[in-house]
1. Return yes when B:A325 is open to solvent by 10 Å² or more (accessible area, probe 1.4 Å), within 11 Å of another protein chain (Cβ to nearest Cβ), in contact with a strand residue (DSSP E or B) (Cβ under 9 Å, 6 or more places away or on another chain) and among the hydrophobic types (A, V, I, L, M, F, W, C) and no when it is not.
2. Could you pull out the residue among B:L337, B:L333 that is at the interface with chain A (Cβ under 7 Å from one of its Cβ atoms) and either more than 30 Å from B:R430 (Cα to Cα) or open to solvent by less than 10 Å² (accessible area, probe 1.4 Å) (or both)?
3. Collect the residues in the range A:376-422 that are in a loop (DSSP other than H, G, I, E, B), at pLDDT 95 or above and either closer than 20 Å to A:I293 by Cβ or touching a Ser or Thr at 6+ places or on another chain (Cβ under 8 Å) (or both), keeping them in residue-number order.
4. May I ask you to list the residues in the range A:128-144 that are open to solvent by 10 Å² or more (accessible area, probe 1.4 Å) and either within 13 Å of another protein chain (Cβ to nearest Cβ) or free of Cβ contacts under 8 Å to residues at least 40 places away in the same chain (or both)?
5. Within the range B:108-125, which residues are open to solvent by less than 30 Å² (accessible area, probe 1.4 Å) and either over 26 Å from the mean Cα position of the chain (by Cα) or not aliphatic (A, V, I, L, M) (or both)?
6. State which residue is farthest from the other protein chains (Cβ to nearest Cβ) when the search covers only the range A:479-532 and only residues that are open to solvent by 10 Å² or more (accessible area, probe 1.4 Å), at pLDDT 95 or above and farther than 30 Å from A:A127 by Cβ.
7. State all residues of the range A:85-96 that are small (G, A, S) and surrounded by 15 or more Cβ atoms within 10 Å (Cβ to Cβ); if no residue qualifies, say none.
8. Could you check the range A:479-497 and list, in sequence order, the residues that are in contact (Cβ under 8 Å) with a residue 24 or more places away in the chain and part of a loop (DSSP other than H, G, I, E, B)?
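The values are calculated or read from the model by the stated rules, or taken from the named source; none is laboratory data. This is a predicted model, so every value here is computed, not measured. Every residue, glycine among them, receives a Cβ derived from its backbone with ideal geometry; neighbour counts consider all protein chains shown. For accessibility, only protein heavy atoms count, side chains too; no ligands or nucleic acids. Shrake-Rupley method; radii C 1.70, N 1.55, O 1.52, S 1.80 Å.
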There are 2 protein chains.
Amino acid sequence: MQRIVARIVCRIAGMGRVGLAGGNPSGVVVLMSWILACAVTPAHSGGTEDDAAHREKLAAWVTSNRSSILDELIAFVSIPNVAANVEDMKTNAAHLKGMLEKRGLETRILETPTRPYLFARLGASGAPSSAQPVRVLFYAHFDGQPVDAPSWTVTAPFTPKLKGDASDREARLYARSTADDKGSIVALLAAIDALRAVGIAPTVEAKFIFDSEEEIGSPSLPELAQQHKELLAADLLIFADGPVHQSGRPTMSFGNRGIVTVTLRMYGPSRPLHSGHYGNWVPNPAEKLSRLITTMKDADGRVLVEGFYDDVVPLSATEREALRAIPAVEAELQDELFIARPEGAGASLQEAINLPSLNVRGIASGSVGDEARTIIPSSATAEIDMRLVKNVTPEAQVERLKAHVRKQGFHVVDDEPDAATRRVHAGVVRITSGPGTPATRTSMDTPISRAVIVAMRRAVEGEPVLMPTLGGTVPLHHLEAALNVPVYGAPIVNYDNNQHAPDENLRLGNLWDGIVIYASLLRLPAPDDLAR
Amino acid sequence: MQRIVARIVCRIAGMGRVGLAGGNPSGVVVLMSWILACAVTPAHSGGTEDDAAHREKLAAWVTSNRSSILDELIAFVSIPNVAANVEDMKTNAAHLKGMLEKRGLETRILETPTRPYLFARLGASGAPSSAQPVRVLFYAHFDGQPVDAPSWTVTAPFTPKLKGDASDREARLYARSTADDKGSIVALLAAIDALRAVGIAPTVEAKFIFDSEEEIGSPSLPELAQQHKELLAADLLIFADGPVHQSGRPTMSFGNRGIVTVTLRMYGPSRPLHSGHYGNWVPNPAEKLSRLITTMKDADGRVLVEGFYDDVVPLSATEREALRAIPAVEAELQDELFIARPEGAGASLQEAINLPSLNVRGIASGSVGDEARTIIPSSATAEIDMRLVKNVTPEAQVERLKAHVRKQGFHVVDDEPDAATRRVHAGVVRITSGPGTPATRTSMDTPISRAVIVAMRRAVEGEPVLMPTLGGTVPLHHLEAALNVPVYGAPIVNYDNNQHAPDENLRLGNLWDGIVIYASLLRLPAPDDLAR
């Protein structure tokens, strides 16, 4: 009943996408102040006066401590962190352990056969003694994407460079992992500092897990999650990764797309051949691969692989409403990104992200530029990523893609084909795939979801963006499954951060706001009917 | 009349593809002995008894001098010779100058703004004093293709390695340029040594031009040919480059395909984008490029660019006959090269080579393998080579390709497109092309052609392969035009030499035979009615 009232009031105030009701004392307080906020403040307000006061205190602390926060991030991103380099990741882990221990957090290194993960815990000193505090597990990763150093134009990947003045919210720090994802780790730790400095205690028991191999798919995470089930046990998981919505508005996501990568290798002649002596007679594998790729999508970008969209679970009413409320950014993006005509036959970017995708992330055959030689190459390789949504599994999509390739008349093999196979079949394609990461999508209609939304609203001025699905992938399904825990995303970094690409950067305004958001999530209201 | 008789006699002997008649005293001798050879020796014989004796003497000299010949080649290919490295090419030129001067040849360095060419001359000491000797200009190049050192499996590109014993004709020397084209230069010089050693004098005035930039299209050759017109003046030009026919038979070609290279760059988003956050909405340039490439050829490899075959000059009756006489090697090649189904809808390799071709020699977008990242790339590049045949110009083919790209709905630009262009046009393609090299094809029915064929027959046991067109390209059209001279090709190296690719190699048997062939070309019979 209370919930219905809250929803009605909020709708009147023009804000209502989700309702909230308190099922325990602190919940009631939250509810009442929230109803008040809905009823008396205009849409896009940041909550009650108390919330605003807290937010201002926290923001003021951030402003006073900008240079030390920045120094901590600069020191952290100066350490090379390409996951393939295991020794580098150990150096990073040791450094991060120091950062955690400096705050007095209970810290543990979680060993794996290769790169260590880190765990930390912070008690719920601000929770009412009558109730068991909500346990929030925060996830972030401290490894980064591989770097193609010569392509970086602002600075070398691990030589951080600030463009602009630290006092300018538009200034940006350039280096690998500033945005993805060391910036978020520094923000989480600064949030703890900020709460302490302004004298506001966390209401939740906060746990932190820091991943050292996210960019290669977190291969150790499944076993690690099983092994440390008790240690990691939580009521919700918040991943501190990914960019905010392109509008720049503070963002909360309720899931993320999954991914599975596939490598296609098309075989040509047994060795590279002179194009003069053989061109017109020996088939070219780059041309065959092009032909195959062309069959995979139509001109609108719709994937033509049979069954590709079959398992998609339609969005709920709440999710559809959330999508509609997200600011439209398509026109600005088209202008900024030089997109004359997007894929999707008129769908919004948010609609597109809630569907599975197929993307040729790399293709190579022979050489281009100065190294180009006049040959018929002996093979051609395409790297494909298929993004997944809820209920669409990596295995199913890979099998569908293989069936599609076969249907085009190619002979599909799993391993390097032998000479006999290549002599007999006119088009031999080797298809290999990664293990894949399924998508997650937490309902927006649960008590915990509603509590998370409240905390988010308290932290920001104006309306946050609530996204049913974040486009990117974090390998949290193992944690989600092992811990049986709902997953939320609290990205803080600017969307135009060049993550996974040269010139990765973090806009300072996003870092400062992110600290306040994380502080608010450490002050999560008790959910109304939290089932343990 | 004499010519007709010769042709008839040869046809009876089963050898007759071309006739020869002598128009001067030495020509008559040649003719008579040749008629005799045709009439009394079985098909695939090597000529008269005198020819056989000469050949044996020369071959015996080669056998006795294998190790010093090989040493000279090893020293030469040890010098890095990627044309882009101008200083390296100067070192090569100085070394080659020493090789020429050692033989007492009149030697000149022909300076260019970058890499020096070399010229040398050898008098016709064996020509009858009554007649002006035939002037033969031999062409070879001493630069090599770029090297991708990590791909070489037998040895490093400039660390020659002999696999097998020098006494074994099947042994091979591995290094860049062993086959393309330093091996031919060493063979030419050894041919001079061999003639001198066995006491047979050259009947021609031999000139040599050695190119230092063939693999980058010989940019200085047009001006150089004009500048040194008198010095280079000749009655015929023989290029000592390219591989023999795949049957392994000694080969003479009457032309070569031309080439023009084209670079297509397809533009995508303004920067590489995270495939999770944008996949399904931002169009992918690698996929668009694949779509474009797929429109260029049908499944049989026939080029679909409008007008692509319009300017092809049909082969003459003699050329068609020559084609038919070439040993069929398709089945063996399919087996060796793993070609389950060749392009060309059933055409022979030789037929295919007499048509223009389009080949994707390289393609790149994003990264593959360990460097692959989950992005939508911001551009995709294809390197294309179009081989040309007689009368099909580089300019016309490039214009046709551009028109084809436009017809597929793409916006074609010559330079890096600006933001406004990329914002407006859904598919922007930058097309740039090299200057191109036209094809050459000398008639097989001229007196000089007939003389060349005789010299070739004298040099080999069995029938040589006579090819109207060699598949590869040598930039001789400038020499051909400036000197108004017919062009012939006398390739000597094994066809499976991996030229333009890692593990380039030269089969020793080919080197030894090549020396005897070049010696015979230095003893060219006087053409029957050579017009000066």
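1. Taking the combined requirement at face value, the residue does not satisfy it.
2. On inspection, the qualifying residue turns out to be B:L337.
3. The answer is A:P377, A:S378, A:V389, A:Q408, A:G409, A:F410, A:D414, A:P417.
4. A:S129
5. Scanning the range B:108-125 gives B:T112, B:R115, B:P116, B:Y117, B:F119, B:A124.
6. So, considering only residues that are open to solvent by 10 Å² or more (accessible area, probe 1.4 Å), at pLDDT 95 or above and farther than 30 Å from A:A127 by Cβ, the one farthest from the other protein chains (Cβ to nearest Cβ) is A:R507.
7. Residue satisfying the conditions is A:A93 alone.
8. The answer is A:V485, A:P486, A:A490, A:P491, A:I492, A:N494, A:Y495, A:D496, A:N497.
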